[in-house]
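Report on the structure given below.
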Amino acid sequence: MEELLTIDSVYSKEESHTVLVNFQNGEPEDDLDVDCKRLVDENGNKSLVTEISDVLYAGDEDAEDLGQTFILVRNRKTGKVRLIEVGCAELKPVIKIDLDTSQLHETSRLELSRKFGSKKQKQQMEQKEKLKVNVQTVTEQMVNVTENISEDKLDLSVYNQTNSDDFYLPPIDRDATKVEEVYDLNKILTEDEYEAIYSELEDKDYADQLHSSIKRATASKKMTPRLTVLSVYADTLLKFTFIRSTEVRKKSFTVCEHSSTLNKIVLNNFTTLSNGKRNRPLQYRDKSICYFIVFMLILNNFKFDMENLSSALKMTPATIGLKVRVVGGSVVTSGDKKMVQLKLPLVSKTAFRRKSAKF
């Protein structure tokens, strides 16, 4: 039996918004009644979203580049037929991922180990728990710390200077034609510093407190104001060498009581200041010893008894010999004595190779 149908009207997809839906991994029941949302992004792509029995289904509407899909609807009473354009979409269940699942498992494992684990397992789990850090918190703390860091606080200049032998010495002229010009008194301190220190030493009983080795060097020597300042400078450095680092860190630490100017010079040149705390690294202690050797050579006309120097510094002649080579001096034998002497030509700078930061 053939029946001729006449299409009464045609509805486009934009008018009816009708979509044929295929559910993946499931079949809808006859009495299914759910809300469905149709989403359109900025590029015109359409997506469908719905929820059935606490399961979220979503999928993109198929593109119809090669054709169109229609459904035919007939009214039994009137016999009229409508042709409706529809879209097609396949909805897939969306698996919800609980981001805290791993943390939950870890917590459960920790609790089980505490209650039923062996002593070793309990210790391992508790140690692991202590080592956990909040990465975001640590990152924020590091940012706050690094914002206020500067080269002055870290005192990075120490690492750049201590690689050179000149760091351990007063201003030196390696091309000098006279031994007196190798270490120029005018360059060790400025004119103003000499005058300030000498004026502070007046009416002070500093001479009796000088080390015996310095007294012997100055006993038969005509002392000018600059040589007087240099002798007190040498004595201060010698005493500073034997002061403990814990004393240097104290805020009230004073290395020279006779002259505040000299005290400031010693602290500025032979200690470091980091985050408000004063320190004396090993390199700076070696620097003070080298300065002392230079000053003793100047006060003793550039020749000094090794035994007296060794006794003053409480070091072996071999250790002092390394430092003498750094200052450009040499150890010579005079009769049955070994003498430290500064003479031309100076000991080559490249002849000395420091094996460690401390020498």
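The values are calculated or read from the model by the stated rules, or taken from the named source; none is laboratory data. Bear in mind the structure is a predicted one, so any value in this text is a computation, not a measurement. When we count neighbours, we look across all protein chains shown, and the Cβ atoms used for this are built from the backbone with ideal geometry, even at glycine.
Here is a check on your reading of the model: is I71 surrounded by 10 or more Cβ atoms within 10 Å (Cβ to Cβ) and more than 60 Å from the chain's Cα centre (by Cα)? Judged against the criteria, I71 is a match.
Restricting region 52-81 to residues that are of a type in the set (D, E) and assigned to a strand (DSSP E or B), which is farthest from S9 (Cα to Cα)? First the steps, then the outcome.
Here is the first cut: in region 52-81, the residues of a type in the set (D, E) are 54, 60-62, 64-65.
Filter again for assigned to a strand (DSSP E or B), leaving 60-61.
Values: D60: 28, E61: 25 Å.
The extreme case among them is D60.
In region 340-357, the count of residues that are under 21 Å from S212 (Cα atoms) and modelled with pLDDT of 85 or more is one or more. Residues of region 253-294 that are among the hydroxyl-bearing types (S, T, Y) and in a strand (DSSP E or B): T272, S274. The residue pairs whose first member lies in region 188-210 and is within 10 Å of H258 (Cβ to Cβ), whose second member is in a helix (DSSP H, G or I) and of a type in the set (S, T, N, Q), and whose beta carbons are closer than 6 Å, counting only pairs six or more residues apart or on different chains, are I197/T261.
Conditions: (1) at pLDDT below 90; (2) within 23 Å of I172 (Cβ to Cβ). K251 meets all but one. Number of the miss? Unmet for K251, out of (1) at pLDDT below 90; (2) within 23 Å of I172 (Cβ to Cβ): (2). Select from region 24-51 the residues that are modelled with pLDDT of 80 or more and either more than 57 Å from the chain's Cα centre (by Cα) or assigned to a strand (DSSP E or B) (or both) and list them in ascending order. D35, C36, K37, R38, L39, V40, K46, S47, L48, V49, T50, E51, listed by residue number.
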